[in-house]
Amino acid sequence: MRAIIVRYETRPESTVDNQGLIEKVFAELHSINPGGLKYASFRDGAAFTHVAITDGEGNPLQDTTAFAEFQRDIAERCVTQPEAVSVTVVGSYGF
């Protein structure tokens, strides 16, 4: 099991677009149900946090069209660039 947390802050004028791109990722995940993935995204104003927990070595997010679209111009939408941190799951309830 691998867990990754990604945090960043978008430019105010890009926040709504960024959220829309994230919503498209979730829509695609719901339609294809890739398995082996637990994924959540949180927003606090213009700041976003994504948490992904994957079974095994691969990450099903990398195989989705919507996630590729989300990543394409992320640097231009951000004030603070995304920082990914691998973490160890100590405990989880319902996630």
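The values are calculated or read from the model by the stated rules, or taken from the named source; none is laboratory data. This is a predicted model, so every value here is computed, not measured. Cβ: placed from backbone, ideal geometry, glycine included. Neighbour counts: every protein chain shown. Side chains included, ligands, DNA and RNA excluded: accessible areas come from the protein's heavy atoms. Shrake-Rupley method; radii C 1.70, N 1.55, O 1.52, S 1.80 Å.
Among residues of the range 1-15 that are of a type outside the set (Asp, Glu), those with a beta-carbon under 6 Å from a residue that is modelled with pLDDT of 95 or more and open to solvent by 100 Å² or more (accessible area, probe 1.4 Å) at least six positions away or on a different chain give the pairs Arg7/Glu83.
For the range 34-51, the set of residues classified as touching a residue at least 40 places away in the same chain (Cβ under 8 Å) and surrounded by 14 or more Cβ atoms within 10 Å (Cβ to Cβ) consists of Lys38, Ala47, Phe48, His50, Val51, listed by residue number.
Quick grid of which residues meet (1) on the phi < 0 side of the Ramachandran plot; (2) open to solvent by less than 60 Å² (accessible area, probe 1.4 Å); (3) of a type in the set (Gly, Ala, Ser):
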residue	(1), (2), (3)
Ile4	yes, yes, no
Glu9	yes, no, no
Glu13	yes, no, no
Ile32	yes, no, no
Ile74	yes, yes, no
Gln81	yes, no, no
Ser86	yes, no, yes
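Residues that are in contact (Cβ under 8 Å) with a residue 24 or more places away in the chain, within 13 Å of Gln19 (Cα to Cα) and open to solvent by 60 Å² or more (accessible area, probe 1.4 Å): does the range 52-72 have at least one? For the range 52-72, residues in contact (Cβ under 8 Å) with a residue 24 or more places away in the chain, within 13 Å of Gln19 (Cα to Cα) and open to solvent by 60 Å² or more (accessible area, probe 1.4 Å): present. Of everything in the range 21-72 that is polar (S, T, N, Q) and closer than 17 Å to Ile4 by Cα, the residue that is modelled with the lowest pLDDT is Asn59. The set of residues in the range 59-77 that are farther than 21 Å from His30 by Cα and not in a helix (DSSP H, G or I) contains only Asp73.
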